[in-house]
Amino acid sequence: MNDKNFLFLKFWYLSDKGFRLSPLPGLKRGISGSTIGGHNLGINKYSNSNKRNEVIKVFMFLTSKELQKKYIINKGFYSPILSLYEEDDVCETVDCEFFKNIQLTARPTSKVSNYDQYSFKFRNYIYDFLYGNKTAEEALKTIYEITNFHYLTLKSDETNLGLIIFITTVTISIIMLSSIVFLFIKKYEHFFNFISNDLWIVIIIGFLVYLFPIFLDYGPIHLIKCYLNQYFNILGPFLMLLPLLIRLLINIPEKDNKILKLIEQKRIQIILYFIIIYTVIYGSLVISPYTIITRTFNDEKSIKICQMNNTFGNIIFFSLYTTRYIITAIILFLIFIEWNLRSTLYDIRSIVLILYISFLFDIFLYISNFIHYNDIILFLTLSEFIRIICTTTNYLLLYGIKLVYAVLHNEKKTLYGKNNNHKFYISNNTSMSNTNDENNDKIEKINILNADSKMPSISSLLKNKIYNYHYKTSVDSKFILENHRMNEKYSSDFSATFD
């Protein structure tokens, strides 16, 4: 360019008098396109507030019509104040018709985080077409993908998975919601007596809440979706766990406990208080907003994802997930205590299975965040399928199997069979009796050991009480743990008794 060894040159505007300037020709007469460049003026919001008015005055001076006119005449600069190109003294210096006919096009700097990278890719794809490596359709499609962001959609242009996931989620949600009706049909109510109807409804709402983020993944991502997605993602498991925790607390084989009775009476209020506290804690994330980042795959297809990079936000998430796993640990402890209760034998084992399945899915989802996916469709749909499978499995184990059994066996017997003899775990009355005898023998051994103890020990007493609860088969078991004095050799003797 410096040698001026060219006939036509497409370049930025230069005020050099040695060139004759003209707008870029377009496909149709009178339509062209010239790229606009330049720099922006701004004031840092963290700057000294006392000096901002002075800076504003400088900006007003730099952008004033008088100074812009001076720049045009003396320096040949281009000014965005188009009325200047109507003045005679300006047109004596520059070609006003040229500037008035320019049709400016802004570069897509706001659409990409790295414009230099975008420009490099854009030019290379154009070259691929110009030099025969790609057809015009292929090149334009690839260029389009640079700034296009993919998300789940009901359209089936590339894949039907978005439509399949949507229909599956809606169908499962309708089935879960409609199944609540069976709680209020008298001939089926005894199948669901493990938990009160209000707690069953909370659990099913928890399943639906956990599925809801799937719908939020459809369409373009924006900040409000980031907040709602994680809000429901965390709230759903809480709504599934809290009713189970409350039921197991009520189910502790201890009679006339005022605290347990209060929990039973205020069970819905407890859950509502928890939701309010959770919402307030989660709402504090507004002071540490999400960041929406771009992830690009090997085929140049990109998506936007929500990311929390703020330390305060990560602390909130850590505390919420920790609370969830503490509740899970308490539930497992209560399950150990109530493991042999005849009235809830099947339900207790179902809950254990549900907790382990949920934990495995959590691990899988966590590991999947660190996997580098080359396929954008796999990335968009894998977590949705995991969510659907996990929710459906837990629903079937906890509620659905009761529903199926109720419909297939339209008679007054539960999963435990008549007289609460558990059908899947106890084969007949004799085996149940044998089981009760074995547990009673173990409780007797504990009580005998207590009687021999001379020195009290809080930890030993606690262990003793826990094991006593564990071997009980009913709340009304005739063997009630008594608080006897224990000596220092309790621990070794206790272990030797069961060895």
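Annotations for the structure displayed:
- Pairing each residue of segment 228-241 that is without any contact (Cβ under 8 Å) to a residue 24 or more places away in the chain with any residue that is aromatic (Phe, Trp, Tyr), provided the two are 6+ apart or on different chains, yields C-beta distances under 9 Å for 228/212; 232/210; 232/212; 233/210; 233/212.
- Going through (1) of a type in the set (Lys, Arg); (2) assigned to a helix (DSSP H, G or I); (3) loosely packed, with under 14 Cβ neighbours inside 10 Å one by one, residue 155 falls short only on (2).
- Scanning segment 158-182 for residues that are within 17 Å of residue 244 (Cβ to Cβ) and exposed (fewer than 14 other Cβ atoms within 10 Å of the Cβ) gives no hits.
- So residue 333, is it without any contact (Cβ under 8 Å) to a residue 24 or more places away in the chain, under 27 Å from residue 170 (Cβ atoms) and either among the polar types (S, T, N, Q) or open to solvent by 80 Å² or more (accessible area, probe 1.4 Å) (or both): no
- Considering residues of segment 82-99 that are modelled with pLDDT under 90 and closer than 17 Å to residue 15 by Cβ only, the residue most open to solvent (accessible area, probe 1.4 Å): 92
- Segment 193-217 - residue that is open to solvent by 30 Å² or more (accessible area, probe 1.4 Å) and not β-branched (Val, Ile, Thr) and, of those, farthest from residue 264 (Cα to Cα): 217
- Filtering segment 275-306 to residues that are touching a strand residue (DSSP E or B) at 6+ places or on another chain (Cβ under 6 Å), among the charged types (D, E, K, R) and modelled with pLDDT under 85 leaves only 295.
- Residue that is surrounded by the most Cβ atoms within 10 Å (Cβ to Cβ) [pool: residues in segment 100-113 that are closer than 30 Å to residue 304 by Cβ and touching a Ser or Thr at 6+ places or on another chain (Cβ under 9 Å)]: 112
- Residue match in segment 246-269 (condition: open to solvent by less than 40 Å² (accessible area, probe 1.4 Å), within 30 Å of residue 154 (Cβ to Cβ) and not β-branched (Val, Ile, Thr)): no
- Any hit, segment 183-192, residues being surrounded by 13 or more Cβ atoms within 10 Å (Cβ to Cβ), at pLDDT below 90, part of a loop (DSSP other than H, G, I, E, B) and of a type outside the set (Phe, Trp, Tyr): no
- Failed item, numbered, when residue 122 is tested on (1) open to solvent by 50 Å² or more (accessible area, probe 1.4 Å); (2) farther than 30 Å from residue 298 by Cβ: (2)
- In segment 340-353, the residues that are buried (at least 17 other Cβ atoms within 10 Å of the Cβ) and more than 14 Å from residue 194 (Cβ to Cβ): 340
- Checking each residue in segment 299-329 for being open to solvent by less than 30 Å² (accessible area, probe 1.4 Å) and farther than 30 Å from residue 145 by Cα picks out 313, 316, 317, 320, 324, 327, 328.
- Single residue of segment 354-370 satisfying the filter (open to solvent by less than 80 Å² (accessible area, probe 1.4 Å) and not hydroxyl-bearing (Ser, Thr, Tyr)) that is nearest to residue 465 (Cα to Cα): 355
The values are calculated or read from the model by the stated rules, or taken from the named source; none is laboratory data. Being a predicted model, the structure only gives us computed values, none of them experimental. Virtual Cβ from ideal backbone geometry, glycine too; neighbours counted across all protein chains shown. All accessible areas refer to the heavy atoms of the entire protein, side chains included, with ligands and DNA or RNA removed. Shrake-Rupley method; radii C 1.70, N 1.55, O 1.52, S 1.80 Å.
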